[in-house]
Amino acid sequence: MVAIMSIARKDGTSIVTDELLDKKSNTLVIVLGGYGYTLNHPILYYTKSIAKELSCDCLGIDFNYKNNLIFLGKTENDKDTYFEDDVVLAIEYIKECSKTYRKIVFIGKSMGTSIIKRLFTNKDLLRKSASVLITPGTEWSSILRVIIAIDSPILVIGSMADSNYRIEGLSELKTRNNIEVLEFQDANHVLETGNVDQDLEILKTVISAIKEFIKGQFV
């Protein structure tokens, strides 16, 4: 059974988490939502379902900014500070939850990939991690520099029609043996084209790739 939990902030709001932590698996899948792309949107919803299907424990974390009036009322600089404070809380929570697991698979969508970049600064987490970066957001350039310098297994999923993804240096991704790249041509930042049949095929391809990537971390 999935338990809905929360991480308390000092301002009285909460970072939403959902947890399926049976402690019966050596692998913990941690799913990190985007700014507006929550854990209940298709890619992340089915990603959590995959973790369950593969008998992995799963932790979902959603900063839930679009429903946080305190956050929305802040200046852009103060929003950045709020985000960094949230990341500190999330990292401490993840460190505590992941102590007993041999392998951690981080899966982040957009803003979630920025959280993963900050998780990489923790050597204990990095050492036993693999990561899926789905449509990286505004920090993609700095994330790219980080991931080409580490050896952990990584799957990058993006589209050339997404202006956030289409940056200088993408070719370096494909020279790294530890990095897999799944690239679309015509999908937007949420990996949709406006054509329902095509969008469903993209979703199927993405979920299949994530499933195979997670399975590849089992030893």
Checklist entry - Farthest toward the dipole's positive end in the stretch 65-219, which of Gln217, Ser131, Asn164, given Cβ charges of +1 (Lys, Arg) and -1 (Asp, Glu) about the Cα centre? => result Gln217
Next on the checklist: Taking the full set of protein chains and a 1.4 angstrom probe, give the accessible area of Tyr46 in square angstrom, rounded to the nearest 10.
Outcome noted: 100
Checklist outcome for this item: Bridge orientation stat for the stretch 6-66 from DSSP, antiparallel percent rounded to 5, came to 60
Item to check | Gain in span if fully extended, Leu200 to Val88, counting 0.36 nm per residue against the direct Cα distance | outcome: 36.7 nm
Checklist entry - With r defined as the distance between the Cβ atoms of Glu212 and Asp186 and R0 fixed at 25 Å, what FRET efficiency is calculated, to the nearest 0.05? => result 0.60
Checklist outcome for this item: To the nearest 20 debye, the stretch 57-159 has a Cα-centred charge dipole, built from +1 on Lys and Arg Cβ and -1 on Asp and Glu Cβ, of 440
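Taking K and R as +1 and D and E as -1, what net charge do the other residues with C-beta under 14 Å from the C-beta of Arg176 add up to?
Values: positive: Arg145, Lys174; negative: Asp151, Glu172, Glu180.
Local net charge: -1.
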Checklist entry - Which whole-Hz couplings ³J(HN,Hα) result when phi for each residue of the stretch 48-63 is put into the Karplus expression 6.51 cos²θ - 1.76 cosθ + 1.60, θ = phi - 60°, listed in order with x for Gly and Pro? => result 5, 5, 4, 4, 5, 4, 8, 6, 8, 6, 9, 10, x, 10, 10, 5
Checklist entry - Roughly how big is the stretch 95-139's charge dipole about its Cα centre, with Cβ charges of +1 (Lys, Arg) and -1 (Asp, Glu), in debye to the nearest 20? => result 240
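Suppose every K and R has +1 on its Cβ and every D and E has -1 on its Cβ; what is the size of the dipole of the chain about the Cα centre, in Debye to the nearest 20? Please list the in-between numbers first.
On the way: 26 positive and 29 negative charges, 170 e Å.
Roughly 820 debye for the chain.
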Checklist entry - Nearest-5 percent of antiparallel DSSP beta bridges in the chain? => result 30
Item to check | Using alpha carbons only: equivalent-ellipsoid semi-axes of the stretch 51-134, gyration tensor based, whole Å | outcome: 25, 14, 11
Checklist entry - Taking the chain as a Gaussian network, Cα atoms linked when under 10 Å apart, which of Ile116, Ile70, Ile157 shows the biggest mean-square fluctuation? => result Ile70
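The values are calculated or read from the model by the stated rules, or taken from the named source; none is laboratory data. These numbers were taken from a predicted model, which means no experiment stands behind them. Counting neighbours? That spans all protein chains shown, and the Cβs are built from the backbone with ideal geometry, glycine included. Keep in mind that these areas ignore ligands, DNA and RNA; they rest on the heavy atoms of the full protein, side chains included. Shrake-Rupley method; radii C 1.70, N 1.55, O 1.52, S 1.80 Å.
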